Amino acid sequence: MEPREERASGFRKETVNKILHLHFRDDKTKISSDALLLMAEMLKVFVREAAARGARQAQAEDLDRVDIEHVEKVLPQLLLDF
């Protein structure tokens with residue numbers, strides 16, 4: 001099992017680092033360990049909130065299963081809320 005710092009709240013630090021570097025113009029940009037942990041925490045909160053809202057949307061439609069369409073319906077408001 002990876003230490004808490006390496007695990008980064010459910011997302012591996014390497015994964016978060018790669019995601020962030022996809023959006024940097026300069027390949028030499030560095031990210032501190034604390035910034036990676038913070039971004040990982042924000043990603044965790046965002047994913048959990050998306051899942052919860054998707055589940056509520058499915059429940060509002062009287063369905064027992066959450067599909068990607070439910071998440072797509074709540075995504076615009078979720079992005080505005082974040």
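The values are calculated or read from the model by the stated rules, or taken from the named source; none is laboratory data. Source: prediction; values computed, not measured. Glycine also receives a Cβ, built like all others from the backbone with ideal geometry; neighbour counts cover every protein chain displayed. Note: areas computed on protein heavy atoms with side chains; ligands, DNA, RNA excluded. Shrake-Rupley method; radii C 1.70, N 1.55, O 1.52, S 1.80 Å.
Points worth noting:
- For the stretch 20-39, filtering for residues that are surrounded by 11 or more Cβ atoms within 10 Å (Cβ to Cβ) and either modelled with pLDDT under 90 or assigned to a loop (DSSP other than H, G, I, E, B) (or both) leaves 2.
- The one condition in (1) open to solvent by 80 Å² or more (accessible area, probe 1.4 Å); (2) closer than 23 Å to VAL16 by Cβ; (3) at pLDDT 95 or above that GLU72 fails to fulfil: (2)
- Unique match (being in contact with a His (Cβ under 6 Å, 6 or more places away or on another chain) and either touching a residue at least 12 places away in the same chain (Cβ under 8 Å) or open to solvent by 60 Å² or more (accessible area, probe 1.4 Å) (or both)) among GLN77, GLN57: GLN57
- For LYS44, the conditions (1) open to solvent by 70 Å² or more (accessible area, probe 1.4 Å); (2) of a type in the set (Lys, Arg); (3) in contact (Cβ under 8 Å) with a residue 24 or more places away in the chain all hold with the exception of (1).
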